[in-house]
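For reference, the structure discussed in these notes is given below.
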Amino acid sequence: MLNVNALTVTMQRNPSKRILDNITFDVKDGEILAILGPSGAGKTTLLRCLALLHQQTLGTITFNETPIDTLAAGQIGIVFQSFNLFPHLTVIENMLLAPTCHKKGATEALLDKAQALLAQFGLTAHAGAHPHNLSGGQKQRVAIARALMMDPPVLLFDEPTSALDPELINEVSEIIKALRQPKRVILVVTHEVRLARHVADHILFLDNGVLLDNVSRDVFFGESGDGLSPRAQTFLSNLS
Ligand SMILES: Nc1ncnc2c1ncn2[C@@H]1O[C@H](COP(=O)(O)OP(=O)(O)OP(=O)(O)O)[C@@H](O)[C@H]1O
Ligand SMILES: [Mg+2]
């Protein structure tokens, strides 16, 4: 289980301004959580805290009761909005870099694993390509395959559909759903309500650094809006 307790992030230049304000929630093993909210709500900041990319934080984040900053390398995987593939490396080199650095297995075994993942994502023909020769959807699948090389039990996505053709939303949804595993937690920050509705068990709704709603998907997308904050109800009604 992933546990976030009283997480607070303040602005470096103005410590009285809270980017995240006392955020507490859990994600159980095997669950997929979507994080929704308007622009500037703090969604990416929350994900960056979970990926240990943000320093000035208060509160605690644990995975299976271990503070995340003491977890072994590779336990937390992140797929960035802009994919962040290394442009000078080929697809397979991108995939092998982290597991090789962290000695996650013998070279042969890692190569076999990378090839199996490339096949799974329909990328075998692109193993030797550089990222600039790939489409957006292909880059994203490489970024996901790269994250999976480390078998992360915590997998984070920041806006996985925003850089893609809207027609790919269903494909991305299916990919994310297929990554669900009994011992894994998956968090997806998204603007795309269809994606959240399709993949998530639970929804967090953030506004202005504050966690306003932490509810099941069925409650969040219920017809009546019962059990939702007025802000989330407005957010949803503005979409329709
Ligand atoms: N490094 C930083 N320095 C100062 N302010 C920051 C920094 N990073 C984020 N912020 C501020 O924190 C707030 C939350 O930003 P964040 O990027 O987490 O929002 P978001 O919910 O991901 O928004 P979007 O939907 O537009 O991606 C914003 O007001 C932003 O301006
Ligand atoms: Mg963001």
- Message: I need the full set of residues from region 195-226 which are surrounded by fewer than 23 Cβ atoms within 10 Å (Cβ to Cβ), more than 19 Å from the chain's Cα centre (by Cα) and away from ligand 1 (no atom under 16 Å from the Cβ), in order please.
- Response: ASP218, VAL219, PHE221, GLY222, GLU223, SER224, GLY225, ASP226
- Query: among the aliphatic types (A, V, I, L, M), on the phi > 0 side of the Ramachandran plot, open to solvent by less than 40 Å² (accessible area, probe 1.4 Å) and not in a loop (DSSP other than H, G, I, E, B) - does that describe any residue in region 3-13?
  - Reply: yes
- Return yes when ASP165 is open to solvent by 10 Å² or more (accessible area, probe 1.4 Å) and modelled with pLDDT under 90 and no when it is not. yes
- Query: Say we look at region 14-51 and pick out the residues that are at pLDDT 95 or above, open to solvent by 70 Å² or more (accessible area, probe 1.4 Å) and of a type outside the set (S, T, N, Q); which of these is nearest to ligand 1 (Cβ to nearest atom)?
  - Reply: ASP26
- Please work out if ALA34 is in contact with a His (Cβ under 8 Å, 6 or more places away or on another chain), of a type outside the set (S, T, N, Q) and part of a strand (DSSP E or B). yes
- Determine if region 116-137 includes at least one residue that is in contact with a strand residue (DSSP E or B) (Cβ under 9 Å, 6 or more places away or on another chain), of a type outside the set (A, V, I, L, M, F, W, C) and outside the structural domain of LYS28 (by TED's automatic domain parsing). no
- Query: Of the residues that sit in region 121-161 and are open to solvent by 30 Å² or more (accessible area, probe 1.4 Å) and touching a residue at least 60 places away in the same chain (Cβ under 8 Å), which one is nearest to GLY30 (Cα to Cα)?
  - Reply: ASP151
- May I ask you to list pairs of residues, at least six apart or on different chains, whose Cβ atoms are under 7 Å apart, with the first in region 211-237 being within 18 Å of LEU195 (Cα to Cα) and the second being open to solvent by 20 Å² or more (accessible area, probe 1.4 Å) and in a helix (DSSP H, G or I)? ARG217/ARG197; PHE221/ARG197
- Message: I'd like the full set of residues that are assigned by TED's automatic domain parsing to the domain that holds THR8, within 16 Å of ligand 1 (Cβ to nearest atom), buried (at least 17 other Cβ atoms within 10 Å of the Cβ) and not in a strand (DSSP E or B), limited to region 52-82.
- Response: HIS54
- Task: Answer yes if at least one residue in region 97-107 is buried (at least 18 other Cβ atoms within 10 Å of the Cβ) and either modelled with pLDDT of 95 or more or closer than 21 Å to LYS43 by Cβ (or both), and no otherwise.
- Result: no
- Note on the structure: Note on region 137-191: residues more than 18 Å from ASN84 (Cβ to Cβ) and within 16 Å of ligand 2 (Cβ to nearest atom) are HIS191
- Of all residues in region 193-202, which are within 16 Å of ligand 2 (Cβ to nearest atom) and in contact with a helix residue (DSSP H, G or I) (Cβ under 6 Å, 6 or more places away or on another chain)? VAL193, LEU195
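The values are calculated or read from the model by the stated rules, or taken from the named source; none is laboratory data. All figures in this text were calculated on a predicted structure; none of them were measured in a lab. Reconstructed Cβ throughout: ideal geometry from the backbone, glycine too, with neighbour counts over all protein chains shown. Quick note on the areas: whole protein, heavy atoms, side chains included, nothing else; ligands and nucleic acids left out. Shrake-Rupley method; radii C 1.70, N 1.55, O 1.52, S 1.80 Å.
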